[in-house]
Amino acid sequence: MSMSAAVALGALVIALLYAIVVYNGLVRLKHNIAKAWANIDVLLKQRHDELPKLVEVCRQYKQFEQETLQRVTEARARVASAREHQDVAALGKAEGMLRTGLGQIFAVAEAYPELRANEHFMQLQTRITALENGIADRREWYNESVNLLNVRIEQFPDVFVARMFQFEPRPLLEFASAEKSDVDLKALFST
């Protein structure tokens, strides 16, 4: 074997090994996103199960704003649909609506001392607060994983391997009016 053939073969082996390393890294990032999504999904399901209980407790107070409860129920259905279809953009919008509705429920509850004194209501409020905090933490991890993948598939020379194996950019999970809603909910949940 000639020296130039050995150099060419060596370069080919190095390029192949590099492509394998890049591919494995991209696969690892893709699975981290799936794992992060699964963690969010678990918390969304748990919160999904708690919301009807909260609505029912509030409905026991005849004067409680039924329109607010209806909006929460509708938003809950939209979140569930988006979650099942793994539609990140629709989930973000539905979450914004749901968070606004929850904020309104807890704000309106301030006008009902009997409701605020209801032990079941307080337990649900505490549980939903904990779930909201967990969702925020998991959303941060999900978005970080998505960001790592999106940057990696655009970097040179990784972009060639990413295109060859059709790695696509993923959308971030952004809640509509998330910054304002998060602040409002934290204030309401801490009372």
- request: Pick out, in residue order, every one of the trypsin sites (Lys or Arg not before Pro) in segment 62-162 that is DSSP loop and has at most 11 other C-beta atoms within 10 Å; say none if there are none.
  value: K62
query: When N is the residue count of the chain, what does its C-alpha Rg come to as a fraction of 2.2 N^0.38 Å?
result: 1.46
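Given charges of +1 on the Cβ of Lys and Arg and -1 on the Cβ of Asp and Glu, with all other atoms neutral, how large is the dipole of the chain about its Cα centre, in debye to the nearest 20?
Dipole about the Cα centre, nearest 20: 360 debye.
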query: For segment 101-111, what does the Karplus curve 6.51 cos²θ - 1.76 cosθ + 1.60, with θ = phi - 60°, yield as ³J(HN,Hα) per residue in whole Hz, taken in order and with x for Gly and Pro?
result: x, 5, x, 5, 4, 6, 5, 5, 4, 4, 7
field: Range of Cα positions in segment 7-93 per principal axis (Å), largest first
entry: 83, 18, 13
statement: Over all directions, segment 130-176 yields a Cα convex hull whose mean projected area in nm² is 3.7 nm²
- prompt: Over the heavy atoms of M122, what accessible area does a 1.4 Å probe trace out, to the nearest 10 Å²?
  reply: 60 Å²
- line: Asserting the computed 222 nm helical MRE of the chain (DSSP H runs at least 4 long, -39500 (n - 2.57) per run, divided by residue count, to nearest 500) equals -28500 deg cm²/dmol
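Round to a whole number: what % of the accessible area of segment 41-109 belongs to carbon and sulfur, probe 1.4 Å?
Its accessible area is 48 percent carbon and sulfur atoms.
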message: Heavy atoms only, 1.4 Å probe, whole protein assembly: order V146, V151 by accessible area, highest first.
response: V151, V146
query: Using the Cβ atoms and a cut-off under 9 Å, what net charge is assigned to the surroundings of A82, where Lys and Arg are +1 and Asp and Glu are -1?
result: 0
statement: Taking only the alpha carbons of segment 73-156, the radius of gyration and the largest Cα-Cα distance, Dmax, both in angstrom, are 16.9, 62
message: How much length would be gained if the chain were fully extended between Q46 and I14, taking 0.36 nm per residue of separation minus their Cα-Cα distance, in nm to one decimal?
response: 6.7 nm
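The values are calculated or read from the model by the stated rules, or taken from the named source; none is laboratory data. None of these values were measured; they are calculated from a predicted model. Cβ coordinates were reconstructed from backbone atoms using ideal geometry, including for glycine residues, and neighbour counts include every protein chain displayed. These area figures cover heavy atoms from the full protein model, side chains too; ligands, DNA and RNA do not enter into them. Shrake-Rupley method; radii C 1.70, N 1.55, O 1.52, S 1.80 Å.
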